[in-house]
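What follows is a single structure, written as structure tokens, with notes after it.
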Amino acid sequence: MYITCLDLEGVLVPEIWIAFAEASGIPELKRTTRDEPDYDKLMKWRIGILKEHGLGLKEIQDTIAKIDPMPGAKEFLDELRSIGQVIIISDTFTQFASPLMKKLGWPTIFCNSLEVAPSGEITGFKMRCPQSKLTTVKALQSIGYDTIASGDSHNDLAMIRASKAGFLFRSTDKIKADNPDLKAFEDYGELLEAIKSELKTER
């Protein structure tokens, strides 16, 4: 039995922090997991910048409310879900994800949670488990699933490589160059065909 595991930001929806960087006029916040492999370090740095500028959860949620899935993302996800099980595995947070999941038709998502003060200040974050993407893929495999995985960033590579099949999607030139053995796609149709090809092998 196969289950497909997809990253969220950069694959199905635009990068939340890049959108917020543009909305808030703070270009430093454009740094993402495409640039910084250490997610813990990246998030602590982001929280420090938010504190420095007096920004909290509400301001980020206001930006997220205006974000739409990438063109073709919902149709891709709908078709993929019609032929097999799909889970979105993301390092985003429940406080960010809900409006995006609504626009994508409420797929299943495994993500993390923010620690938020009564004032709305983001004070910290709680990861669901260590190395959440790799750990989740391994857990799914332990209960009888073969996984297919796709993502665009450094923090997706472990789950992609641990899976029966894995693909880069709209990744950076550097990540693609550093991982020449991984198939890389830019188009949802191509990714869907690659996943369908893997699903056929179990029939």
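Among the helices (runs of 4 or more DSSP H) confined wholly to the range 1-119, which include 1 or more residues that are under 18 Å from Ile160 (Cα atoms)? It would help to see each step written out before you state the result.
Values: elements: 16-24, 39-53, 57-64, 73-83, 94-103.
By residue number, 39-53, 73-83.
For the range 108-127, filtered to residues that are under 30 Å from Gly144 (Cβ atoms) and over 13 Å from the mean Cα position of the chain (by Cα), the residue that is surrounded by the fewest Cβ atoms within 10 Å (Cβ to Cβ) is Lys126. Restricted to the range 128-176, and to residues that are open to solvent by less than 30 Å² (accessible area, probe 1.4 Å) and β-branched (Val, Ile, Thr), which residue is nearest to Glu15 (Cα to Cα)? Here the answer is Ile175. Filtered by the rule that a residue be within 15 Å of Ile60 (Cβ to Cβ) and open to solvent by 60 Å² or more (accessible area, probe 1.4 Å), the range 76-97 gives a lone residue, Thr94.
So for the range 60-67 (the condition being surrounded by 13 or more Cβ atoms within 10 Å (Cβ to Cβ), within 14 Å of Phe20 (Cβ to Cβ) and among the charged types (D, E, K, R)), does at least one residue qualify? There is no residue in the range 60-67 that is surrounded by 13 or more Cβ atoms within 10 Å (Cβ to Cβ), within 14 Å of Phe20 (Cβ to Cβ) and among the charged types (D, E, K, R). For the range 37-51, the criterion of a residue being open to solvent by less than 60 Å² (accessible area, probe 1.4 Å), more than 28 Å from Cys129 (Cβ to Cβ) and in contact (Cβ under 8 Å) with a residue 60 or more places away in the chain is satisfied by no position.
For the range 134-148, filtering for residues that are touching a residue at least 60 places away in the same chain (Cβ under 8 Å) and more than 13 Å from Ile87 (Cβ to Cβ) leaves 2.
Within the range 177-203, the set of residues being among the basic types (Lys, Arg) and either under 15 Å from Asp156 (Cα atoms) or open to solvent by 70 Å² or more (accessible area, probe 1.4 Å) (or both) comprises Lys183, Lys200, Arg203. Filtering the range 169-188 to residues that are touching a residue at least 60 places away in the same chain (Cβ under 8 Å) and not aromatic (Phe, Trp, Tyr) leaves Arg170, Ser171, Thr172, Ile175.
The values are calculated or read from the model by the stated rules, or taken from the named source; none is laboratory data. Bear in mind the structure is a predicted one, so any value in this text is a computation, not a measurement. Positions of Cβ are backbone-derived with ideal geometry, glycine not excepted, and every protein chain shown enters the neighbour counts. Each accessible area value is taken on the protein alone, full model and side chains, heavy atoms only, with ligands, DNA and RNA left out. Shrake-Rupley method; radii C 1.70, N 1.55, O 1.52, S 1.80 Å.
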